[in-house]
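This report refers to the structure that appears directly beneath it.
The values are calculated or read from the model by the stated rules, or taken from the named source; none is laboratory data. None of the values given here were measured: they were computed from a predicted structure. Methodologically, a virtual Cβ is constructed for each residue, glycine included, from the backbone with ideal geometry; neighbour enumeration extends over all protein chains shown. Ligands, DNA and RNA are stripped out before the accessible areas are found, and what is left, the full protein with its side chains, is counted by its heavy atoms. Shrake-Rupley method; radii C 1.70, N 1.55, O 1.52, S 1.80 Å.
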Amino acid sequence: MKEEKLLKLLESLSWTEKVGQLVQLSGEFFNTSALTVGPQQKLGISDNMLKHVGSVLNVAGAANTKEIQQQYLEKSSHKIPLLFMADIIYGYRTVFPIPLGLGATWNPDLVKEAYTVIGKEAQSGGAHVTFAPMVDLVRDARWGRCLESTGEDSFLNSAFASAMVSGLQQDLDKQEGIASCVKHFAAYGAAEGGREYNTVDMSERKLRQDYLPSYKAAVDAGCKLVMTSFNTYDGVPVTGNQFILKDILRDEWGFDGVIISDYAAVRELIDHGIAEDNKEAAYLAINATNDIDMKSPCYANELEPLLNEGRIDGKLIDQAVLRVLKLKNDLGLFEDPFRRATEEKEKETLLKEEHRALAKKVTAESIVLLKNEHGLLPLDPQTDKKILLVGPYGDNQELIGLWAVHGKTTDTISIKTGIESYLKPENFHVEKGCDMLESYEFLGEFGATKDMIDSLSMSDEEKAMHLDHALREARSADIIIFAMGEHTMQSGEAGSRTDICLPQIQRAFMKQLIELGKKTILISISGRPLVLTEEAETIDAIMQVWFPGTEGGHAIADVLFGKTNPSGRLSMSFPYSVGQLPLYYSEFKTGRPLTSSTHSGRFVSKYLDSPNAPLFPFGYGLNYSSVQYSDLTLSDTTMSDELLINVTIKNSSSIDCLETVQLYIQDVVGSVVRPVKELKQFKKLSIAGNTTATVQFILTRDELKYYTHSMDYDVETGSFIVFVGPNSEETLEASFQLV
Ligand code: NOJ
């Protein structure tokens, strides 16, 4: 539809119809042949408003969306189609690893391919918008939503944000792919104490330097929507925060797409205590240029009264409605309200062989080898050694994590199935060994009934029997593989925890088997960095596999048996102890640094009972090759516009590898304190066995800019240190002067 026609359409709408476009309700409001009454009464929305509601939350499937759209349009006087928005975070039916695993690939191009597939599958299932990517910077592993983020570094996150948006929106105009809604704007990852829905308070400098770049990258990549975050910024919840939404997002960045509140976040302005009632909440949110109110009665019931009382200008509503109509138009909904989604197309598209193959490739690159004592891995598939797989994740398809709501665990390849394809049956045995958790009571909060909880828990007899079987098999095994990890419900939204070790019951079980003195391997499954300090001391090899997705078992087995040389690198530090959190490599220099302070002993910046350093640092990951870095050289000792940085990397093993070469800098003296290291570039390249590669980076002046004391985004001349290495800790160093 041409813009002119769109404006005419806008003009022809009554205020109630306009407001309807700014309201989003979930599936239960729409999914019977007659529009339902119960939920809307509960929310306090009138029958009349329900007819005009412009978008639907979390309904997917070609048949479902088609039925709802058809019924809606039949009753609608202006025939403005509904928008279907859903949480399709890291896979629709083909599920990729959780984003923290995607971050560990350090391969934005590959991740873009994954999001193109996600967009295609979601489009075939009738979705128009996905609430993805989530690009919140995460530095506190207690927060369950680390699962949804690509990690702790703003440069790396920005590369992924851009790749994910481009992948999802690829060929949007050809009605392929879906619109991307980046979230949660802004700084939601900095929730105090890692506690979900909690306050964020930080300087504007930190906000701009560390937290905003990934959202900006998504906006620059053309994301069509932005979702507000639940948190406060400088005392004002973002959904009503004009500085964040209007000044930064709209005015500075020129974002003219749709802003949607997070779930009920408009109404929650009351709970935050900055609005007295629904009307004030609506007033604050619309004035902050929030367009759509997700799942709250505030806009539906209060925008018209606010208009009639002359408290808001009709233009404010018109602008918001126009943005929503434009989005519908950009998606081609006026021409085809179903956007070519049919049940046939859906069937053809979901879980295609090539999608599975891509998922396997991505998962393989997401796996991080954390420890490999005496080269225990890879295992020889021809081995005559006896291998025992134990633990609650051994024979288990629950590998897709919390936010893969449209995925099916029944499609998932278990670790057992993956390993079976490598080993002779007589050499391979599987035992559950122990329960996943000591108690499943917490699932009650997620709607599980007492019966469901009881059916999950093992009785004492069952526990004893499983332990007995596992011990018996372990005694005659040569190698024990533990498949251990968090329960799906222990990470993701509302999954904050203060104890982020493996569940106690699993640790106690492992201890008993480790005492047998066999070779041991841990496959660690989690939605966050866990504290693996004890395991790192007692287990020979550790693989971090996240929630690996539909092809998890295959990809894990390929790494175990050396078909894949692991290349994943952590995009978030793994703490030594939970007490270190928040923890990140790019911390500010302190006045009393641990290693170079003139103060001694106690009086430096440190803990008395824990190292400062993480257990496994940002950028870290092993492989099966032997790789050495040498000869870091700079093209000059001074830099004005750019500097060439060369490093030699030798693969002295016969095994080809994918190496992620990381370039960090330190701005030695600034007008404000600068981080000890900042990632500026990285290159993931393949290095054949027994060859040497020279890697060149071109560092430009622009990359040295930061928010100076006067808040200008600019460079300051002076000394810089360059660090190049395989992770943020093991680096070669050189220095130059910026002139
Ligand atoms: C709340 C979550 O914070 C957000 O990430 C999600 O997209 C919405 N609910 C919609 O389900």
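Restricting the range 564-579 to residues that are open to solvent by 10 Å² or more (accessible area, probe 1.4 Å) and not in a loop (DSSP other than H, G, I, E, B) leaves a set whose member that is nearest to residue 687 (Cα to Cα) is 578. If you go through the range 233-269 and pick out every residue that is within 16 Å of the ligand (Cβ to nearest atom), open to solvent by 10 Å² or more (accessible area, probe 1.4 Å) and part of a helix (DSSP H, G or I), you end up with 1.
The lone criterion from (1) modelled with pLDDT under 95; (2) closer than 15 Å to residue 149 by Cα left unmet by residue 108 is number (1). Among the residues of the range 42-61, is any within 30 Å of residue 727 (Cα to Cα), acidic (Asp, Glu) and either in contact (Cβ under 8 Å) with a residue 60 or more places away in the chain or not in a loop (DSSP other than H, G, I, E, B) (or both)? Checked the range 42-61: no residue is within 30 Å of residue 727 (Cα to Cα), acidic (Asp, Glu) and either in contact (Cβ under 8 Å) with a residue 60 or more places away in the chain or not in a loop (DSSP other than H, G, I, E, B) (or both). The criterion of being closer than 28 Å to residue 111 by Cα, touching a strand residue (DSSP E or B) at 6+ places or on another chain (Cβ under 8 Å), open to solvent by less than 10 Å² (accessible area, probe 1.4 Å) and in a helix (DSSP H, G or I) does not hold for residue 285.
Here residue 237 passes the criteria (1) within 19 Å of residue 54 (Cα to Cα); (2) under 24 Å from the mean Cα position of the chain (by Cα) except the one numbered (1). Only one of the numbered conditions (1) within 14 Å of the chain's Cα centre (by Cα); (2) away from the ligand (no atom under 16 Å from the Cβ); (3) among the acidic types (Asp, Glu) is violated by residue 148, and that is (2). A single entry from 462, 431, 445, 438 fulfils the requirement of being under 29 Å from the mean Cα position of the chain (by Cα) and surrounded by 12 or more Cβ atoms within 10 Å (Cβ to Cβ): 438. The residues in the range 472-498 that are farther than 16 Å from residue 385 by Cβ, more than 16 Å from the ligand (Cβ to nearest atom), of a type outside the set (Ser, Thr, Tyr) and touching a residue at least 24 places away in the same chain (Cβ under 8 Å) can be counted, and the count is 8.
To keep it simple, each residue is scored yes or no on (1) of a type in the set (Ser, Thr, Tyr); (2) within 15 Å of the chain's Cα centre (by Cα); (3) crowded, with 24+ Cβ neighbours inside 10 Å; (4) within 14 Å of the ligand (Cβ to nearest atom).
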site	(1), (2), (3), (4)
173	no, no, no, no
186	no, yes, yes, yes
201	no, no, no, no
206	no, no, no, no
220	no, no, no, no
231	no, no, yes, yes
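The listed residues are 485, 418, and the only one of them that is surrounded by 13 or more Cβ atoms within 10 Å (Cβ to Cβ) and touching a His at 6+ places or on another chain (Cβ under 8 Å) turns out to be 418.
Per the listing 453, 480, the residue uniquely in the same structural domain as residue 548 (by TED's automatic domain parsing), open to solvent by less than 20 Å² (accessible area, probe 1.4 Å), under 23 Å from residue 501 (Cβ atoms) and touching a Ser or Thr at 6+ places or on another chain (Cβ under 6 Å) is 480.
Counting just the residues of the range 618-673 that are in a strand (DSSP E or B) and more than 20 Å from residue 693 (Cα to Cα), which one comes out most open to solvent (accessible area, probe 1.4 Å)? Selected residue: 642.
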